[in-house]
């Protein structure tokens, strides 16, 4: 791991306002993430895990503080620049799989490459390669509703890593999966981390996943209360 | 594109509704164009073949002379000028005189039209319109009258008609002429008021062997009411070739009610198009809004993955474009198909009051249709543009969604 952080947050704060009610989700979070890390942000519900992931992914704007991705301040980017940054630097895995129902598994996987403007032959080649690597090549021509939840989440992981982003942000990726499928998915992501050097950041309270990460950041009430490095 | 087609196929009922919203206005407009074209063409044919020709050379009206239909003392100068102009397909000399027509006890005001039957018949097929008796010839003294006039004067073929010429440019003249035929006039007014005789006969009534009221001309290559460029050229050439004292008028000047119809029809069509296109556009906006609402989470995901707003807008517009183009194409197909079927059956004959009304207007009481390619393209093209403009609103809404809010959206 290099010394310069891949992502750095400085006093990151986010407060949601509904009418007159202000709900602080993050209250000054400063953290550094390095390339190749396999990190989880853990904490009880409402601790600000998902909010942190959304801010890091450029899906939302902080109320205060800033995020630096490879040294670039995200607060200075316009909406379109943020979209471009998400497209080229960040892979997402969501709790509810979130595949596009009218696209096949192969097309879903290649979708980010299509958005990047990569030619069809190249994106098909790369999508097939990652599907084969994740053991789901046989579903390439199936639509998402024809495969199981675990398989759909594998496709979501394939889509997240196919463009080789700087970091994959995964929000409760195992929450909807049974134990065996969860283990398979965690193994798969760990393998991508070790073999490809892909950087993962999870928001989770799933112990099956927490046991496998090499760094655990704990959030409580929008503040970091722990930051442990493990050897896995 | 593939994804857009799959989206379209996903909700077929809504797709069909959107398709119909585009199809119906296109089909309707083509139908209206077909009907109006045919009606105008019919009016044009009736007017130019039976009455006005394309252009007429007339004696210039002198204000205060007491005559709104001045006569030419002779036709030599006008015919010489006509011979010097290119592009003339056909011409004939005609003499129209106002007259009183009496048969037995009954009398009516009429126009006596003097013409050269052998010249007029190939253009108007007047002899085919004779329903009783026969058509006149140049050397016959007889007259033919319309069915309506025959009924009004209670006359029949073989009766004698006394005609009293009352044109202010001529001295009073009177002739007795046998009625040799009754014709089915293409227009009711003509049927009620016109007595047709040979030019020589009517000149006797006018007590002059050279007098004429018009030289009626048909111009080469004029095919319909909107075909005016050749007419303008010939009118200008004739005006230049004729000395003072003559006037050249086009058929629309001579039957101003046709021009009035043509003037009314265009804005009428535009208003109808606006109403139908507007309704179509509302349905397109509505169905696409529904589609965007239903796919809010999916659009949020696409934005989250890094799609630009322009890309999302393009996605919605592509879907709208596919449905719109398909709808416009189907509408054009249905419209042209209907026109083709009506043409294949030779039109749909009308009856009753509608038929009478159409004859009053000088239109054959047969619902016929013809359509021009440009009108099909215009109908389909205009609706496509309107529908795409309508689709822009939901497309913009989709592109403005915030990714996380959209992904949390619950229907």
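A short reminder: the numbers here are calculations on the coordinates, not readings from a lab. Only a predicted model underlies this, so the values are computations on that prediction, with no experimental measurement involved. In this analysis, Cβ positions are derived from the backbone assuming ideal geometry, glycine residues included, and neighbour counts consider all displayed protein chains.
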May I ask for the Kirkwood hydrodynamic radius of the protein assembly as shown, worked out over all distinct Cα pairs and given in angstroms to one decimal?
-> 31.8 Å
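Counting only Cα atoms, I'd like the Rg/Rh figure for segment B:62-150, Kirkwood definition for Rh.
On the way: Rg = 16.2 Å, Rh = 15.9 Å.
Expressed as Rg/Rh, it is 1.02.
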Which semi-axes, in whole Å and largest first, does the equivalent ellipsoid of segment A:53-133 have when worked out from the alpha carbon gyration tensor as the square roots of 5 times its eigenvalues?
-> 28, 14, 11
Tilt, helix A:79-89 to longest principal axis of chain A (alpha-carbon atoms), in degrees rounded to tens, equals 60 degrees
Take the alpha carbon atoms of segment B:17-56, find their center, do the same for segment A:42-114, and report the distance between the two centers in whole angstrom.
-> 59 Å
In which sequence would B:105, B:319, B:187, B:60 go, from the one with the fewest C-beta neighbours within 10 Å to the one with the most?
-> B:105, B:60, B:187, B:319
How much length is gained if the chain between residue B:166 and residue B:262 is pulled fully straight, taking 0.36 nm per residue apart and subtracting their Cα-Cα distance, in nm to one decimal?
-> 31.1 nm
Kindly list the residues of segment B:347-391 that lie in the label zone of residue B:289, defined by a backbone N under 19 Å from the point 7 Å along the Cα-to-C-beta vector.
-> B:386-391
Segment B:218-313: radius of gyration over Cα atoms, expressed as a fraction of 2.2 N^0.38 Å | 2.23
Residue order, fewest to most beta carbons within 10 Å, for B:54, A:230 = A:230, B:54
Evaluate peptide B:305-314: per residue, the Cβ atoms of other protein chains within 10 Å of its Cβ; return the mean as an integer.
-> 5
If N is the residue count of segment B:54-253, its Cα Rg over 2.2 N^0.38 Å rounds to 1.04
Considering the convex hull of the alpha carbon atoms of chain B, report its projected area averaged over all viewing directions, in nm², one decimal.
-> 26.3 nm²
Determine Rg/Rh for segment A:161-201; Rg is computed over alpha-carbon atoms and Rh is the Kirkwood hydrodynamic estimate from the same atoms.
-> 0.98
When B:246, B:289, A:16, A:97 are ordered from fewest to most other Cβ atoms inside 10 Å of their Cβ, what list results?
-> A:16, B:289, B:246, A:97
Chain B, helix-only ellipticity at 222 nm - DSSP H runs n ≥ 4, -39,500 (n - 2.57), divided by all residues, nearest 500 = -17500 deg cm²/dmol
Take every Cα-Cα distance within segment A:7-229, group them into 10 Å bins from 0 onward, and report for each bin the whole-number percent of pairs it holds.
-> 8, 34, 36, 19, 4, 0
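What share of Cα pairs, in percent, lie more than 16 angstrom apart in segment B:164-252?
When all Cα pairs of segment B:164-252 are counted, 69 percent exceed 16 Å.
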With 5 Å bins from zero, work out the P(r) of segment B:2-124 over every alpha carbon pair and list the percent per bin.
-> 2, 7, 10, 12, 12, 10, 8, 6, 5, 5, 4, 5, 4, 4, 4, 2, 0
Ratio Rg/Rh [Cα only; Rh per Kirkwood] for segment A:156-232 = 0.95
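Can you give the average number of partner chain beta-carbon atoms within 10 Å of each beta-carbon in peptide A:98-107, as a whole number?
4
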FRET efficiency, residue A:22 to residue A:73 (Cβ-Cβ, R0 22 Å, nearest 0.05) | 0.30
